[in-house]
Amino acid sequence: MTLWGRSMGAATALLYAATRDPNVTALILDSPFQSLRQLALDVVQAALGGSELNGAARVASIGALRLVRGAVRRRAGFDIYDVDIERHARECACPTLVLCALDDALVPPAHSHAVHAALPKAELCVCPGTHNSVRPRGVSQRVERFLREHVFGEAQASSGDVEGLLDENVVCLLYTSDAADDTPCVDLGGRRII
């Protein structure tokens with residue numbers, strides 16, 4: 001089984017592969033974040049104009065995060081600090097392709113780079129675009145090469161037919177993004193994901 005996740009879907013895919021199912025053969029992680037804690041702090045920092053969080057702003061941000069953490073523990077029964085993708089990446093044994101967009105303001109590329117560095121068997125593909133932009137055709141070709149090599153054991157050149165490859169094989173797509181909020185499906189480079 002190959003898992004392909006974007007944003008929170010990438011976090012879910014990696015956590016599942018690292019902690020629940022050693023039979024996952026490969027991962028494709030598009031815009032994974034290091035940890036929910038770090039992402040929250042980065043979002044606050046971006047909202048403050050990108051200036052580094054220090055002093056009162058840092059204390060207030062960490063205090064607010066602790067309140068949210070406590071509320072989630074009480075209501076949902078889990079600790080948001082456990083959503084630490086970078087830490088769990090070290091436990092993930094399967095080949096992984098990490099994708100990220102250069103101009104991603106929601107999950108800055110540094111998060112994807114950190115996750116990539118923590119993974120034992122990983123490739124990194126940086127592409128133009130933002131968090132929710134459709135990935136360029138070159139990314140589809142890179143995904144196809146990755147799947148052919150690591151899932152199907154082929155050294156064949158890319159045909160550019162990721163859709164056909166996905167249609168013929170079991171691949172679970174986990175997509176979470178603001179772009180999906182108001183639509184019943186999302187177009188990821190020609191693939192409709194419901």
| request: Go through the range 125-138 residue by residue and turn each phi into a ³J(HN,Hα) via Karplus (6.51, -1.76, 1.60, θ = phi - 60°); whole Hz please, and just put x for glycine and proline. | output: 10, 9, 10, x, x, 10, 4, 9, 6, 5, 6, x, 4, x
| By how many nm would the segment from residue 110 to residue 93 lengthen if fully extended, with 0.36 nm per residue of separation less the alpha-carbon distance? | 3.9 nm
| task | Keeping all protein chains in place, calculate the accessible area per residue for the range 11-107 (probe 1.4 angstrom), answer in Å². | result | 51 Å²
| Rounded to the nearest whole Å³, what is the per residue volume of the convex hull around the Cα atoms of the range 8-111? | 100 Å³
| With each pseudo-label sitting 7 Å past Cα toward Cβ, what's the residue 66-residue 127 distance in nm, one decimal? | 4.2 nm
| Apportionment of accessible area to carbon and sulfur, the range 36-99, percent (1.4 Å) | 56 percent
| remark: So, with points 7 Å from each Cα along the Cβ direction, the residue 76-residue 56 label distance in nm works out to 3.1 nm
| Under 5 Å, built H, 5+ apart or other chain: amide partners of residue 98 | 29, 123, 124, 125
| note | Spelling it out for residue 33: with amide H atoms placed in the peptide plane at 1.01 Å from N, the residues 5 or more places away or on another chain with amide H under 5 Å from its amide H are 11
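The values are calculated or read from the model by the stated rules, or taken from the named source; none is laboratory data. None of the values given here were measured: they were computed from a predicted structure. Reconstructed Cβ throughout: ideal geometry from the backbone, glycine too, with neighbour counts over all protein chains shown. Ligands, DNA and RNA are stripped out before the accessible areas are found, and what is left, the full protein with its side chains, is counted by its heavy atoms. Shrake-Rupley method; radii C 1.70, N 1.55, O 1.52, S 1.80 Å.
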